[in-house]
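Everything below concerns the one structure shown next.
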Amino acid sequence: MNAHYPRMTARWFTDPAAKGPSAITPTFTPAELQAFEEILTFARDPANAEMELLLCVDAAGTCEYGRSTGRKGAPFTPEIDAAIAASCGVRQWHNHPSQDSLSHHDWLCAGLSDMVEVLALNDQGSIFVGRIVKWDDRLHGLLESLPRLAADLEMHVDGLAKDRGFAAIHLVAMASLTGHMLNTALANTMPVRYAYALQNADQRTIVAADALSIIADGIAFAEQAIQEWLDKHAPASDAEPL
């Protein structure tokens, strides 16, 4: 093993033993806290409204392996590729200029290795974390379909909110949190690890929507959509009919 890449033994923000999504209170090392604050400052700068900052940090929370920036998405550098290829454990931390929570690209990144954990940070300071401990071949097609499922969910949730008299002040925030609801449904349906820590503004939106059952009904809608996709794309059985 390359000593430059200390192997991860603990400290995942996603619990490998957990089933389904989980709310967490992460503990940061000084180096992680510095990375967190740098990304948050970047995300809150109006000049970076369409820009993403990606930091690849070591699993132990002591150093940075590489970084990049890009419009809408930040590309991997050779240093980041090398850290992932070492399979010793890395965290991919970034802001999300287009949405909150993890995108299908984030999940595909997590699928590169069971030693990769992806963390998305929004400008409120909420974090959304994903890890795929064991790859399931069905995930590739399902993850590619997530943008369409997310659009369907956003329309559904918007309809629920308007029908149930949800406060207009929360509507924009709710639209951005549909990705969180979709990933919650994904973790309830597939063997992926998803964790989150919502800050005050996002938590208030969730609580207000939860009071009208918008969250539960939105997640149920997403779970049904995911299950219908899985049923439609189930692998053909090799067994002969009786």
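Evaluating Pro26 against the criteria (1) under 30 Å from Asn188 (Cβ atoms); (2) modelled with pLDDT of 90 or more; (3) surrounded by fewer than 17 Cβ atoms within 10 Å (Cβ to Cβ) leaves one unmet condition, (2). Put simply, of Asp136, Asp114 the only residue that is open to solvent by 10 Å² or more (accessible area, probe 1.4 Å) and touching a Pro at 6+ places or on another chain (Cβ under 7 Å) is Asp136. Could you please give the count of residues in segment 139-150 that are open to solvent by less than 50 Å² (accessible area, probe 1.4 Å) and without any contact (Cβ under 8 Å) to a residue 24 or more places away in the chain? The number of residues fulfilling the criteria is 0. Among the criteria (1) assigned to a helix (DSSP H, G or I); (2) touching a residue at least 12 places away in the same chain (Cβ under 8 Å); (3) among the aliphatic types (A, V, I, L, M); (4) under 30 Å from Asp231 (Cα atoms), the one Leu119 does not fulfil is (1). Counting the residues of segment 29-70 that are within 21 Å of Cys88 (Cβ to Cβ), open to solvent by 70 Å² or more (accessible area, probe 1.4 Å) and in a strand (DSSP E or B) gives 2. Note on segment 14-60: residues that are in contact (Cβ under 8 Å) with a residue 24 or more places away in the chain, farther than 20 Å from Asp106 by Cβ and small (Gly, Ala, Ser) total 2.
Cβ-Cβ contacts under 7 Å between residues 6 or more apart (or on different chains), taken from a first residue in segment 163-180 that is free of Cβ contacts under 8 Å to residues at least 24 places away in the same chain to a second residue that is open to solvent by 40 Å² or more (accessible area, probe 1.4 Å) and in a helix (DSSP H, G or I), are listed as Ala175/Glu154; Ala175/Asp158.
For segment 71-94, filtered to residues that are touching an Asp or Glu at 6+ places or on another chain (Cβ under 6 Å) and either surrounded by 16 or more Cβ atoms within 10 Å (Cβ to Cβ) or modelled with pLDDT of 95 or more (or both), the residue that is nearest to Pro6 (Cα to Cα) is Arg91. Right, Ala168: at pLDDT 85 or above and either farther than 21 Å from Gln224 by Cα or open to solvent by 30 Å² or more (accessible area, probe 1.4 Å) (or both) or not? The answer is no for Ala168. The sole residue among Ala208, Ala216, Ala201 that is over 20 Å from Leu102 (Cβ atoms), of a type in the set (A, V, I, L, M) and at pLDDT below 90 is Ala208.
The values are calculated or read from the model by the stated rules, or taken from the named source; none is laboratory data. None of these values were measured; they are calculated from a predicted model. Cβ sites come from the backbone with ideal geometry, for glycine too, and all protein chains shown count toward neighbours. Calculation scope for accessible area: heavy atoms of the full protein, side chains included, ligands and nucleic acids excluded. Shrake-Rupley method; radii C 1.70, N 1.55, O 1.52, S 1.80 Å.
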